[in-house]
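J.: Take a look at this one; I'll ask things after.
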Ligand SMILES: [Zn+2]
């Protein structure tokens, strides 16, 4: 009897020991689980099972003046069947949370009002104060102007320097698009936006540097300006019109490779989305927003140019895989202002008036897209 007890004790000790080992081994690879969310005294708090490593933040404007405030919590995971509580808070349309990749949890706050961004994380808690930038009457025009200035547009005049782009006789794409870009800058500045240009003179700029510049400037919109060329001289009279392109899932091999690199991290852990139906991929969102921006820009460009020029063809808004758009973290489009190889269009393109109308149209499109067209 005594012997038996002793044996049982040993057996239990073994079990306990293995439990301790199991505990430590899982603790070593412990995932930082999201536990709960709470709003207290105007602050949103997210609680996790262990210390938060890193949080990155950015915002993205969508149509109708709604901004998405995005917080990526690195090293955190969303346990299945878990989500953010159904919060409701002044002027906030939604709170969403989702697994963005295997190593990143994404939280998105959607609001029509501007936030004073000031998140902090200490230990296991991420705190996001839900303070609006201003509470006063938003209809005051000076306030609207101020809030509009927060939108940053990066204009990218295509080509430059040793890269002339398309050309016909002595008309060069790099010159035409720089003129349009400069006029666009003026138009946007007059409307109160912050504007940066990837080049403002005849210099060569690498393609990846163009979007990288926009990302660094935390631009809300990236717009690349080009002029098109017919594939051969024989069809130069046929190819004409204004076209707008946005980046979408790649169809060609070349673009697929570029897109793969960009999308890899976004596509990880994709099944989480299907299971939890929380967040759409940012990339998908960016595609949708770029398309909307493209439609607004195209419509306004055409109506402006057609007010003074006949036979301006609508080439529509299309998807393409331009390298220059790959890597942009914001809604991004490429405008083909016309065919430099077309006899009539090349003449239009060098005219200051035509360039002005194009620029005005693009600016109106951007303004319409950003939903700030009321003052
Ligand atoms: Zn070009």
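J.: Return the Rg/Rh value of region 72-118, two decimal places, where both radii are evaluated on C-alpha atoms and Rh is the Kirkwood radius.
T.: Result for region 72-118 is an Rg/Rh of 1.02.
J.: Listing 33, 51 from the residue with the fewest other Cβ atoms within 10 Å to the one with the most, what is the order?
T.: Arranged by neighbour count, lowest to highest, 33, 51 become 51, 33.
J.: Then there is this: Which of 97, 92, 223 has the fewest other C-beta atoms within 10 Å, and how do the rest follow up to the most?
T.: Arranged by neighbour count, lowest to highest, 97, 92, 223 become 92, 97, 223.
J.: Cut-off is 10 Å between beta-carbons; in what order do 167, 49 appear when sorted fewest neighbours first?
T.: 49, 167
J.: Work out Dmax and Rg for region 32-129 from the C-alpha atoms and quote the Rg first, both in angstrom.
T.: Radius of gyration, then largest Cα-Cα span, for region 32-129: 12.7, 38 Å.
Each value in this text was obtained by applying a stated rule to the coordinates, not by laboratory testing. Here the structure is a predicted model, which is why all the values come from computation and not from measurement. Note that we place each Cβ from the backbone using ideal geometry, even for glycine, and neighbour counts take in every protein chain shown.
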